[in-house]
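Novice: I have a structure I would like to understand better, so I am pasting it below and will then ask my questions one at a time.
The values are calculated or read from the model by the stated rules, or taken from the named source; none is laboratory data. The model shown is predicted, which means the values in this text are computed figures rather than measured ones. Here the Cβ is made from the backbone with ideal geometry for all residues, glycine too, and neighbour counts use every protein chain on show. Note: accessible area is taken over every heavy atom of the protein model, side chains too, but ligands, DNA and RNA are not part of it. Shrake-Rupley method; radii C 1.70, N 1.55, O 1.52, S 1.80 Å.
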Amino acid sequence: MLLLFDRSEYLAELAIRSPDLVDMLVTGERLVQRKTSEEILRELQRGSEDADQFAWLRRYHEAELMRIGLRDILGLVDFEQNLTELTALADACIQYALEVVLRSHGLERPPFAIIGLGKLGGCEINYGSDLDLMFVADRKAKDLAALQRLAVEVLELLSRRTEHGIVFHTDVRLRPDGEKGLLVNTLDAHEQYYRHRAQLWEIQALTRTRYVAGNLQIGEEFQQLAASLSDFRLENVAAGFPLRSAGMTSPQKGFSAAHAEAVGATRLRSAGGRGLAAYRPDWKAEIHKMRMRIERDRTPPGKDHLAIKTGKGGLMDAEFIAQALCMQYGWREAHTLRALERARAAGVLPDADKLIENYSQLRRVEGILRRWSYEGETVLPDDPAPFYRVSVRCGFSTPDAFRHALEHWRTAIREVYSKVFGP
């Protein structure tokens, strides 16, 4: 109980409101369980007959947050497994919310796929993460207005605030045309938008997509589309650059470079026969400019040293490296750390060990910071007292030692970033 109250204000307040939650977890064997999204979904489905689905989903979600949080606080799970379990909870809640809505309308087959982006797409859900969602309908879907209403009901079941709180904050602004676009649109409409009107950052976002729930066939088709759109080896061919310069090689040993060009051209035709409007030969320099704008505009003035996500050498440096490498080499790896590890194995990431080690340290700090409030915090406190407490929770005896470590980690991350994108 001391650890619980020291490590997380959110869970402490939850324990005060519902003390039986802690007793149930500690006296049983649930703290040692590693649940998959399928196991969580089956547990949720036991409450499918509950008259108040909003209350049932929120009660179950709270209990799971306590279980997952306690496993983390007591050291029963490592950081990566913690992210996996939080993501599994998110996946199951989305799937269950969709099932509830479909059942209320007498529908047996989901009419759209739900795609996760960002941290959800990368299976990297942390405490307080929003769920970035996109709803994609079949190419031949006609009654889009009815599908909008279904999607709204799913979102409300997840994020409407009731007396029992919410399940997850949801964000659907990454869809085509943002807040002005349709909440649910066809696969064809998505393809037309991304090929002809999307900006480069929207194509970059497609490196972190994943089918989460709903119609599996539509989800797989969208993932194939996202793979072709974000594979900039193909875009190099469309722009007139040979595949050799794009890092594309022959699919089989002994094949000629000309054959590799022909294979690439065939793939290009199958992907739509033309390049992206957002593509330009200096795309990597443009991504770097976006990163610098984020660093300048989204970092609180005078608090760069505290901004562990957007600041210089922050988490976004590593995320941008991973996404750019996926675009450059045509990889489908939405998980940031696994993408960096793949780049290390391929020998295309300079100082890969240094980047991965220091990025992992910084990401752990983000998890500890967010665990306190279960909010999407990315800036460390500037007040000495809470900063000291965060230092201790991160394993440091003094704030100065913590500051020194933060500076070391972020300097190392920025050094690798500069090698990838240029100074």
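Novice: Looking at the range 29-49, is at least one residue among the hydrophobic types (A, V, I, L, M, F, W, C) and over 17 Å from Glu85 (Cβ atoms)?
Specialist: no
Novice: Out of Arg363, Arg344, Arg332, which single residue is surrounded by fewer than 19 Cβ atoms within 10 Å (Cβ to Cβ) and touching a residue at least 24 places away in the same chain (Cβ under 8 Å)?
Specialist: The unique qualifying residue is Arg332.
Novice: Looking at the range 34-44 only, could you name the residues that are over 22 Å from the mean Cα position of the chain (by Cα) and surrounded by 14 or more Cβ atoms within 10 Å (Cβ to Cβ)?
Specialist: The first filter runs over the range 34-44 and keeps only residues over 22 Å from the mean Cα position of the chain (by Cα), leaving 42-44.
Hits for the range 34-44 are Glu43, Leu44.
Novice: A follow-up question, please. Can you go through Gly121, Gly128 and tell me which one is in contact (Cβ under 8 Å) with a residue 60 or more places away in the chain and on the phi > 0 side of the Ramachandran plot?
Specialist: Exactly one of Gly121, Gly128 is in contact (Cβ under 8 Å) with a residue 60 or more places away in the chain and on the phi > 0 side of the Ramachandran plot, namely Gly128.
Novice: Among the residues of the range 92-148, count how many are surrounded by fewer than 21 Cβ atoms within 10 Å (Cβ to Cβ), among the acidic types (Asp, Glu) and closer than 22 Å to Leu57 by Cα.
Specialist: 3
Novice: Could you grab me the full set of residues in the range 49-71 that are farther than 19 Å from Thr162 by Cα and surrounded by fewer than 18 Cβ atoms within 10 Å (Cβ to Cβ)?
Specialist: Glu49
Novice: So, in the range 285-307, exactly how many residues are out of contact with any strand residue (DSSP E or B) (no Cβ under 7 Å at 6 or more places or on another chain), touching a residue at least 12 places away in the same chain (Cβ under 8 Å) and within 22 Å of Ala322 (Cβ to Cβ)?
Specialist: 9
Novice: Turning to a different aspect of this structure: Testing Gly376 on (1) small (Gly, Ala, Ser); (2) within 23 Å of Asp132 (Cβ to Cβ); (3) at pLDDT 95 or above, one condition comes back false. Which one is that?
Specialist: In the conditions (1) small (Gly, Ala, Ser); (2) within 23 Å of Asp132 (Cβ to Cβ); (3) at pLDDT 95 or above, Gly376 misses (3) alone.
Novice: Here is a follow-up. Taking Gln199 and the conditions (1) buried (at least 21 other Cβ atoms within 10 Å of the Cβ); (2) modelled with pLDDT of 95 or more, which numbered condition does it fall short on, given that it satisfies the others?
Specialist: Here Gln199 clears every test but (1).
Novice: Kindly indicate whether any position in the range 374-388 is in a helix (DSSP H, G or I) and open to solvent by less than 20 Å² (accessible area, probe 1.4 Å).
Specialist: Within the range 374-388, one or more residues are in a helix (DSSP H, G or I) and open to solvent by less than 20 Å² (accessible area, probe 1.4 Å).
Novice: On to the next question. What pairs come up if the first residue lies in the range 86-98 and is farther than 12 Å from Glu43 by Cα, the second is surrounded by fewer than 24 Cβ atoms within 10 Å (Cβ to Cβ) and charged (D, E, K, R), and their beta carbons are under 8 Å apart, counting only those six or more places apart or on different chains?
Specialist: Thr87/Glu124; Ala88/Lys35
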